[in-house]
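Here's the structure we're looking at; comments come further down.
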Amino acid sequence: MVTTASTSSFFPVTSSDNNGGKSSKNGGNSSLNLGGLKSKQSSNGLNIKTNASSSSKINGTTVVAATSTPIKVENDSSSSSSSSQHHPRTFINQLPDWSMLLAAVTTIFLAAEKQWMMLDWKPRRSDDMLVDPFGIGKIVQDGLVFRQNFSIRSYEIGADKTASIDTLMNHLQETALNHVKTAGLLGDGFGSTPEMCKKNLIWVVTRMQVVVDRYPTWGDVVQVDTWVSATGKNGMRRDWLLRDSKTGEILTRASSVWVMMNKLTRKLSKIPEEVRGEIEPYFVNSDPVVDEDNRKLTKLDDTAEYIRTGLTPRWSDLDVNQHVNNVKYIGWILESAPQPILESHELHSMTLEYRRECGRNSVLESLTDVSGADIGNLADSGFVECKHLLRLNDGAEIVRGRTEWKPKPANNFDILNQVPSQNT
């Protein structure tokens, strides 16, 4: 009954309600007649013929066949043979699914393209190209030297297309502070150690010597190394080497002497033993990178050849210790340098002595004397030496200095003549 119901759901059959089913066996052949459903087995399979005029009642429901259709059910061997006849095996049928193959190829291509975009989006310059050249820097040489790289920006160059002395000095100062920070000695102050902060002490520079052999240009990457050493009983010396990161050429050498000052009383202080214990493990036993210039820095007065008055600090010139940044003093000193020297020569070396600080309300004067040079004929003068003084308007000295200037390279001469003249 279940078989009949299942078959009738796909192939409607008819069956007489009053005809009983008869079964007979006749040798190897047999026929089955179930109320109009006639089955006959042959050598090729099982033939089933439905009678259109018969009806069958299944579970009280009469099912009437619409047509009389012979249906042939093959055995396993004939089914396989018939399947091969209807779907012949060809070369195309034996290939994998083309859509899956295309999807796999597309996935591989997209993955390769992504890697290329991430890794090779720009050309490589050389094997010695720096890795992370603009990071905060790192400790090298047994933890005693700090190294940091800087790129020369377009706004850091002057009229002669090279970096200004202010730019180089700012890079030196930045590496000094990052050295203290990376070493884990930075307290709450500006370059002060934790013990210095407890005692309200700060570092102040008393002497600075700088020698510039060549100025970098826009786009150059410079590498700055810095380290500290002991000097005297209560001083610390900090040295710098500034190199071309690509060639290793030394561009600038600088050496400075620092002492401690109480930021509340603004008076110099000895180095406490607690502070000495913090900084001494980082001292390097080495000579200064710049030969010390022991010549006395003379004091200038109102008889100086060039004087610039009315200089005042701006709010942006102050650092977190509420005093003028020492790099700003260099700019003020050069304010009184003769214009012909600035146009034909470049600063080669300078020696500065910091004598006192100036506050935000100070008014300063810059004085300069030129030694042994004819300002009107600098083309054949070679090196030129100048003496400088930066003082308050009441005469108190801020900085004494001496600078040495050398002729600019040939490709920097007449740079001002390259500026288009105005139309007349």
The summed charge of the Asn170 Cβ neighbourhood (under 14 Å; Lys/Arg +1, Asp/Glu -1) stands at -3
In the range 234-307, the trypsin sites (Lys or Arg not before Pro) that sit in a DSSP loop and have at most 16 other Cβ atoms within 10 Å of their own Cβ are Lys246, Arg266, Lys267, Lys270, Arg295, Lys296, Lys299
Projected onto their principal axes, the Cα atoms of the range 160-315 stretch, largest extent first, over whole-Å spans of 47, 47, 35
Filtered hits (aspartates and glutamates, Cα-Cα < 15 Å from Lys114, offset >= 8 within chain) -> none
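Work through the residues other than Asp301 whose Cβ is under 13 Å from its Cβ and net out their charges, Lys, Arg +1 and Asp, Glu -1.
-1
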If the chain between Val320 and Leu102 were fully extended at 0.36 nm per residue, the gain over the current Cα-Cα distance would be 72.1 nm
Within the range 315-343, the residues whose backbone N lies under 18 Å from a label point placed 7 Å from the Cα of Cys197 along the Cα-to-Cβ direction are 320-322
Cα-based Debye curve of the range 156-202 sampled at q = 0.14, 0.16 Å⁻¹ gives log₁₀ I(q)/I(0) of -0.46, -0.54
Normalised per residue, the volume inside the convex hull of the alpha-carbon atoms of the range 364-414 in Å³ amounts to 103 Å³
Quick numbers on the range 306-406, Rg and Dmax over C-alpha atoms in Å, give 14.2, 45
Over 21 Å (Cα to Cα) among Lys328/Lys406; Lys270/Lys299; Lys299/Lys408; Lys199/Lys270; Lys161/Lys406 -> Lys328/Lys406; Lys270/Lys299; Lys299/Lys408
Simple spin-label estimate for Ser371/Ile136, 7 Å along Cα→Cβ, in nm, reads 4.3 nm
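Quick one: plug the Kirkwood hydrodynamic radius of the range 142-244 (C-alpha pairs) into Stokes-Einstein at 25 °C, 0.890 mPa s, and report D in µm²/s.
163 µm²/s
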The local net charge around Asn262, scoring Lys/Arg +1 and Asp/Glu -1 for residues other than Asn262 whose Cβ lies under 14 Å from its Cβ, equals +4
Restricting to aspartates and glutamates and to Cα separations under 16 Å from Lys198, and discarding same-chain partners fewer than 8 apart, the set is Asp188, Glu273, Glu274, Glu278
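Only the coordinates and a few stated rules stand behind these numbers; no lab work does. A quick note: this is a predicted structure, and the numbers were derived from the prediction, not measured. Cβ coordinates were reconstructed from backbone atoms using ideal geometry, including for glycine residues, and neighbour counts include every protein chain displayed.
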